[in-house]
Amino acid sequence: MTSGDTAALDDPVGESLRGRHVGLGRRLGRAATYLPGVATFSAVPADADAADWTGLARLLGRDAFADMFSCQASPPPDWEQVFVLEGRQMVWSGDGRPGQALAATGTDVAELGAADVPQMLDLVAQTRPGPFWPRTHELGTYLGIREGGRLVAMAGERLRPPGWTEISAVCTAPEARGRGHAARLISALAARILARNERPFLHVAETNGGAIALYERLGFASRKHVTFRGFRTP
């Protein structure tokens, strides 16, 4: 893999909002953010100046949350820092397709849509896999597994920079863990992404050793360390 292959991953939010997610976002100058209810991710260039931060503040409004994801630019001092989280970016490194047994959709794996949002939000509330809102499912394909009619596991596609699709919202209800649901869902999504001649990637908190080990077993390798940051506009 050349550096050019992964260049879009250095600004996955900005690249997504300039490309396949342009219809799900809004822009002012060089600042961009997703529509309310879709995501709170925002982007400015790495060399952002005062005009870029002013533009983003105008898009978001006063006292609003700006999830800058892995953006390295620093906002003005009157932007209140809300959180900092150390993590890593991982990319698909497999030499083929995910194992057929894992990647097979199966009768208990189903695509999720707008009608499933209440159950998706309930599962997210239980498991806290990361930001997920009523319209987040519009970012890409989401798959789920039900037991007794209840959604107990899901994973989906989130950021989509050129040539890549991020796998995100990987979560399993506490009572359904240990059954391989996450591995099956990730592998099914990876197979779909690879079939489109794109490559899967994902992000994970540095402290989540169990998830990192799972992703490595499924064919992902660490690309780089990232720092996730969130701020509140003045």
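Rounded to the nearest angstrom and listed largest first, the equivalent-ellipsoid semi-axes of the range 38-81 from its Cα gyration tensor are 14, 13, 10. Residue separation of R179 and F65 scaled by 0.36 nm, minus their Cα-Cα distance, works out to 37.4 nm of gained length. Distance between the 7 Å Cα→Cβ label points at D47 and T227: 2.2 nm. Summarising the amide proton neighbourhood of F41: residues at separation of 5 or more, or on other chains, whose placed amide H is nearer than 5 Å comprise Y34. The length gained on full extension between Q72 and L35, counted as 0.36 nm times the residue separation minus their Cα-Cα distance, comes to 11.1 nm.
Please go through the range 1-68 and write out the trypsin sites (Lys or Arg not before Pro) that DSSP classes as loop and that have at most 12 other C-beta atoms within 10 Å.
Working: sites: R18, R20, R26, R27, R30, R58, R62; in loops: R20, R30, R62.
Passing both the DSSP loop test and the Cβ count: R62.
Assuming R0 = 35 Å, what is the FRET efficiency of N197 and D122, from their Cβ-Cβ distance, to the nearest 0.05?
Result of the calculation: an efficiency of 0.50.
The modelled label-to-label distance for the pair V82/A211, using points 7 Å beyond Cα in the direction of Cβ, is 1.8 nm.
Computed from Cα positions, the angle between helix 181-195 and the longest principal axis of the chain comes to roughly 70 degrees.
For a test of the definition: using alpha carbon positions, the gyration tensor, and the 1.5 limit on a/c, classify the range 10-62 as rounded, prolate or oblate. Note, shape of the range 10-62 comes out oblate. Summed over the residues of the range 1-95 and divided among them, the accessible surface reaches 48 Å² per residue at a probe radius of 1.4 Å.
Its Cα gyration tensor gives the chain an equivalent ellipsoid. The semi-axes, each the square root of 5 times an eigenvalue, are 30, 20, 16 Å from largest down. Distance between the modelled labels on E111 and R27, one decimal in nanometres: 2.8 nm (7 Å Cα→Cβ projection). Annotation: Cα Rg of the range 134-234 relative to the compact-globule expectation 2.2 N^0.38 Å equals 1.14.
The values are calculated or read from the model by the stated rules, or taken from the named source; none is laboratory data. Since we're looking at a predicted model, the values are computed, not measured. Every residue, glycine among them, receives a Cβ derived from its backbone with ideal geometry; neighbour counts consider all protein chains shown. Areas reflect the complete protein model, heavy atoms only, side chains present, ligands, DNA and RNA absent. Shrake-Rupley method; radii C 1.70, N 1.55, O 1.52, S 1.80 Å.
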